[in-house]
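Readers should treat all values here as calculations from the given coordinates under stated rules, not as data from a laboratory. Predicted model only: the values in this text are computed from it and were never measured. Neighbour counts are summed over all protein chains in view; Cβ atoms, including those assigned to glycine, are modelled from backbone coordinates with ideal geometry.
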Amino acid sequence: MSGEPASILTLNGGSSSIRLAVFGGERFSRRLWSGRIERIGLPDSSFTVKGAGERTGFTRSVSAPCHTDAIHLILDWILEGRDSLNLRAVAHRVVHGGPKYSAARRIDSEMIRTLRELTPFDPQHLPQEIELIETCQQRFPDLPQIACFDTDFHRGMPRVAQLLPIPRQYFREGVRRYGFHGLSYRFLLEELARSGGSDAARGRVILAHLGNGASLAAVRNGEPIDTSMGFTPAAGVPMSTRSGDLDPGLVGYFAQTARMDPRGFNEMVNSRSGLLGISETSSDIRDLLERAPTDERAADAVEMFCYGVKKTIGAFAAALGGLDRLVFSAGIGENAPEIRRRVCEGLEFFGIRLDDRRNRTGEAIISADGSRVAVHVIRTDEELMMAKIVGEILEPRENA
Ligand code: ADP
């Protein structure tokens with residue numbers, strides 16, 4: 001047993017990347033390392049790791065034809081420094097907990113079996129996530145592996161927000177609105193409370209997590225009221241490559257006219273739609289903002305994204321009976337003032353007024369003095385949230 005301070009490894013597997021972070025310090029609240037393997041499955045995969053406080057870290061070209069190869073590379077790196085890291089647990093972000101799992105918990109063989117059965121709930125993420133967990137179990141059989149579910153935050157939504165308007169029998173079978181980005185939403189609410197006093201996270205709040213995957217959540221007094229994603233993360237606002245909400249009649253139309261089977265339809269709405277589908281050139285909002293003045297397709301894509309987010313804010317403000325705070329977060333929400341401006345434009349009647357300078361410089365509060373709704377920009381940290389949750393499982397606070 002190493003005498004070094006204990007730490008936790010967090011793993012967050014995406015479709016073509018795996019992010020890692022190591023947290024130590026008091027209640028695992030200090031990030032020691034972060035890194036990622038990108039472009040898994042492509043010839044030019046890369047592995048980057050950076051220590052806290054380091055400017056650059058290292059980047060290596062690696063061979064990672066699949067997720068299992070990628071995770072072995074990460075675990076090799078961990079094992080090289082294992083004594084000094086003194087790992088106590090591995091936390092896995094699991095996107096879908098289905099009807100059975102929501103709160104974070106230790107992974108056992110029964111959970112793996114159940115997650116495998118749940119694969120139809122989330123064929124885009126669960127197979128890779130199970131692969132990551134099993135590889136970690138083989139390499140670190142003595143370490144607890146803990147699953148943190150992205151669906152957890154929304155678990156307490158009112159039933160009316162969970163029901164999908166299809167025959168009720170499916171609801172009983174677990175076909176309902178789950179919602180995702182829950183680790184991010186939990187983090188944002190904690191940050192609101194930390195930075196703005198305990199009242200800041202109360203009242204009527206809309207959280208907008210706008211990254212490649214984008215969703216919004218309506219929260220009243222800390223309780224989830226509604227969210228834009230649904231049974232899968234493909235629902236809600238248009239995203240980088242996902243369509244968001246669609247007319248269900250399209251399934252039959254494409255089956256008849258284009259002989260599109262379910263697999264083809266899934267592939268289209270998850271990988272070839274949204275910003276990429278409409279612009280025909282890029283899924284990255286930076287490229288599209290640059291091209292918009294000269295390319296109508298890029299301009300349409302940006303407009304469609306901002307319009308979708310704005311409409312959802314309107315719907316959620318109605319669900320909440322008004323609005324006290326709006327929070328922008330994730331890659332686009334944190335870094336794209338032009339998108340924030342366009343989303344908020346025309347919402348003055350709601351009491352949303354941005355301060356141009358604060359918005360451009362990305363201050364923590366970007367609303368104008370006197371704006372009835374406070375508009376925040378908060379840098380989300382899903383990995384830190386996972387480390388905190390796992391810390392709580394390993395060392396529960398008394399009376400917590
Ligand atoms: P995810 O975690 O869902 O893959 P991110 O939260 O990293 O996605 O967000 C990715 C998005 O953020 C991309 O569309 C990218 O264009 C946008 N983004 C990242 N940095 C900037 C920036 N500096 N300015 C504008 N957009 C940015």
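Loop-only GluC sites (Glu not before Pro) in the stretch 1-82, please: DSSP not H, G, I, E or B, and at most 12 other Cβ atoms within 10 Å.
Those satisfying the criteria are Glu54.
Where nothing but the Cβ of Lys and Arg (+1) and of Asp and Glu (-1) is charged, how large is the charge dipole of the chain around its Cα centre, in debye to the nearest 20?
The calculation lands at about 720 debye.
What FRET efficiency comes out for Asn86 versus Thr257 if R0 is 41 angstrom and r is the Cβ-Cβ distance? Round to the nearest 0.05.
Computed FRET efficiency for Asn86 and Thr257 comes out at 0.10.
Give the residue list of trypsin sites (Lys or Arg not before Pro) in the stretch 314-400 that are DSSP loop and have at most 14 other beta-carbon atoms within 10 angstrom.
Here the trypsin sites (Lys or Arg not before Pro) that fit, given the DSSP loop and packing criteria, are Arg372, Arg379, Arg397.
First select every other residue whose beta carbon is under 11 angstrom from the beta carbon of Thr10; then total the charges, Lys and Arg +1, Asp and Glu -1.
Summing Lys and Arg as +1 and Asp and Glu as -1 gives +1.
Cα atoms only: what Rg and Dmax, in Å, come out for the stretch 255-387?
According to the Cα coordinates of the stretch 255-387, Rg and Dmax are 17.4, 56 Å.
Could you check the simple spin-label distance between Arg194 and Thr48, using points 7 Å along Cα→Cβ, in nm with one decimal?
2.3 nm
DSSP loop (so not H, G, I, E, B), at most 13 other Cβ within 10 Å: list which GluC sites (Glu not before Pro) in the stretch 173-205 pass both filters.
Loop-located and lightly packed - Glu173.
Just add up the charged neighbours of Gly57: K/R +1, D/E -1, any other residue whose Cβ is under 13 Å from the Cβ of Gly57.
Here the charged neighbours net out to +4.
Return Thr119, Thr257, Thr380 ranked ascending by Cβ neighbour count within 10 Å, so the fewest neighbours appear first.
Thr257, Thr119, Thr380
For a quick check: sort Asp355, Asp44, Asp142 by the number of other beta carbons within 10 angstrom, fewest at the front.
Lowest to highest Cβ neighbour count: Asp142, Asp44, Asp355.
Please give, to one decimal in nm, the separation of the simple spin-label points placed at Ala319 and Asp356, each 7 Å out from Cα toward the Cβ.
Computed distance between label sites Ala319 and Asp356 equals 3.4 nm.
To the nearest Å, what is the center-to-center distance of the stretch 300-367 and the stretch 211-247, using C-alpha atoms only?
15 Å
On a full-extension model of 0.36 nm per residue, what is the gain between Thr119 and Thr281, subtracting their alpha-carbon distance, rounded to one decimal in nm?
55.2 nm
Tell me, what is the FRET efficiency for Arg341 and Ile393 to the nearest 0.05, using R0 = 56 angstrom and their Cβ-Cβ distance as r?
Step by step, r from the Cβ atoms, then E = 0.85.
Give me the distance in nm between label points sitting 7 Å out from Cα along the Cα-to-Cβ direction at Gln137 and Ser63, one decimal.
Computed distance between label sites Gln137 and Ser63 equals 2.9 nm.
Report the one residue of Ile352, Ser46, Ile366 whose Cα lies farthest in the direction of the positive end of the charge dipole of the chain (charges on C-beta: Lys and Arg +1, Asp and Glu -1; origin at the Cα centre).
Going by the charge dipole, the pick is Ile352.
What does the charge count near Met157 come to, summing +1 for each Lys or Arg and -1 for each Asp or Glu among other residues with Cβ under 10 Å from its Cβ?
It works out to a net charge of +2.
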